[in-house]
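Notes follow once the structure below has been shown.
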Amino acid sequence: MNSFHFAAGHLRYLLIFDSKGAEPAASLRNSLINEGAEFKELYAGSGRDLKWISEEISSQKNGTCLYAALETGLLEKLETAAVCAGYLPEEIQFIPSGSRRRIFCAHCHHISITDCENPPVQCSSCGRYLKVSGSRSGYWQAYLAVDREAF
Amino acid sequence: MKSSFPYPFSKEQRTYSYSNDAYPITGKPCIEVNDSYIEEISYKRQLIKEQPGRCFRSLPHTHEAQYEAAKLTAEHLVNVSEEEFSIDVTTGGFTLYNSILNEQVSVEEFSGDALRVIGDHVQEDLILMTERDQDIYMDAGYVCFPAGWSLTFNLGMPFLQIHEPVPGFTHQGLDRRILRFLRGLHADTPYERLNWSLSAGRRLDHSLETITEWKRERQLVSPDNAGNKVQLRVERQRLFRLPETQAILFTIHTHHCALDELDYPLVEQLYKILESMPRDILKYKGVSEYEEPLKEYLERKLDYGREPS
Ligand SMILES: [Zn+2]
């Protein structure tokens, strides 16, 4: 799984994660403690839904930087909620927990949500077998995936 | 080597280097018109007709900047060749007369995707970048000949993130320095840089979308055919800050030169630069797959060309 990039200089930080996102959350927590940053963390265990998370992020003061390691489907909705709550793009960092990803097929541009645990994954539109890269587009909210024959 | 080919190395260069090597080109146009004009324009038009969604993309907030970029590009066509191009500017638009193609096009100020219209008349790939949140974003493009990337995937992406896969890009803060350079770009002083790589075959369309088609050529390189097959692929990249909208117009003109066309000192120079290139860059530029036959070809050519001692 990817790790968060600690962006220094924000007034405070909010970290939200679920059980599968515990690893990047722990690594970020270390950075926040080492930097002496003001932060709050929320564990989104079972029963914690989008409504609860949205209320939490909306109640934060201006200048808060939001880090979330949650399941892919939830992150998509959270991105919209965060933008509506006034977070700037550079104040948001998301990592999908677990192995489900939104993937962007480089060949037909179709976006599918796929379990990436057992590569290669197959594009549900053109049927190509794809290798998922670490390159993620915030605009498409998806990871780039390229035909495995290209490697 | 054709006189119009932008040879990318200075006379002294002997090693590969990471740097922001852009230089000012005050007074120069954002485009060139050379003897491949008709051929390349017709190829571009064929590609965009067949694959519109991969060759043109834009975000709606770029319409004003697209118009400014299109008008600048049309004016520069006229500057380059008054015999072949002329422009009529009216309130709210302009008309470009192109006598090479025997065509005329009108672009209205609030008509939307003006870059799509002017892109049909230039050999260059055209990209518009806009600035927000202290970063530069790629927000529109008419791109037919990308070197291994996807316009569609990169749409709306910040500059630093687009270049994340480039090995060495963050080396000694190079990425931050280039971002700072772009943000400081002034309308009075456009810049140019030459970006080079090697490619197997002369195909201009090296889009990520079609990678499985063009990458096969790399397997076919041999010491006997490398001189004709392997090309020095050079992108002449130009950066213009648009004074009204403050967007950045980034134009890319892709040129090829077969290795057989290089004379002895240039072959020797290329050989030394390739020898000094880090493994990850060789892999990124796609050279590792035919490194052995290429090296053998270059060594043979160096043996033949060397003065007897
Ligand atoms: Zn596909």
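Bear in mind these aren't lab numbers, they're just calculated from the coordinates by the rules spelled out. What you see is a predicted model; the values in this text were computed from it and never measured. Backbone-built Cβ (ideal geometry, glycine too); neighbour counts: all protein chains shown.
What the table below lists for this structure:
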quantity	calculated
Whole-Å semi-axes of region B:38-152's equivalent ellipsoid (Cα gyration tensor)	23, 19, 12
Cα gyration tensor of region A:100-150 - equivalent ellipsoid semi-axes, whole Å, descending	14, 12, 10
Restraint check, B:LYS272/B:LYS295; B:LYS11/B:LYS229; B:LYS49/B:LYS71, Cα-Cα greater than 21 Å	B:LYS11/B:LYS229; B:LYS49/B:LYS71
Amide H within-cut-off set for A:SER133, under 5 Å, with H built and near neighbours excluded	A:LEU144, A:ALA145, A:VAL146
Of the GluC sites (Glu not before Pro) in region B:1-92, those whose Cβ has at most 14 other Cβ within 10 Å and which sit in DSSP loop	B:GLU12, B:GLU82, B:GLU83
Stokes-Einstein D (µm²/s) once Rh is taken as the Kirkwood radius of region B:201-309 over alpha-carbon pairs, at 37 °C in 0.692 mPa s	206 µm²/s
Using alpha-carbon coordinates, inclination of helix B:37-50 to the longest axis of chain B, degrees	70 degrees
Per-selection Rg to Rh, region A:40-129 - Cα, Kirkwood hydrodynamic radius	1.05
Net lengthening on full extension, A:ASN118/A:LYS40 (0.36 nm per residue, minus Cα-Cα)	24.6 nm
Helix A:72-84 vs. chain A, principal-axis angle (Cα, 0 to 90°, nearest 10)	50 degrees
Charged-residue dipole, Cβ positions (Lys, Arg, Asp, Glu), chain A about Cα centre, Debye nearest 20	200 debye
Per-selection Rg to Rh, chain B - Cα, Kirkwood hydrodynamic radius	0.98
Filter on A:LYS131/B:LYS283; B:LYS2/B:LYS301; B:LYS28/B:LYS215 - keep pairs with C-alpha separation over 29 Å	B:LYS28/B:LYS215
Within chain A, helix-based [θ] at 222 nm, where runs of 4 or more DSSP H residues each add -39,500 (n - 2.57), nearest 500	-7000 deg cm²/dmol
Inverse mean reciprocal Cα-Cα distance (Kirkwood Rh) of chain A, Å	16.2 Å
The protein assembly as shown, Rg to Rh (Cα coordinates; Rh as Kirkwood inverse mean 1/r)	1.00
Amide H within-cut-off set for A:CYS116, under 5 Å, with H built and near neighbours excluded	A:ARG100, A:ARG101
Built amide H within the under 5 Å cut-off of B:THR189, gap 5+	none
Net charge dipole size for region B:120-178 [Lys, Arg +1 and Asp, Glu -1 on Cβ; Debye, nearest 20]	220 debye
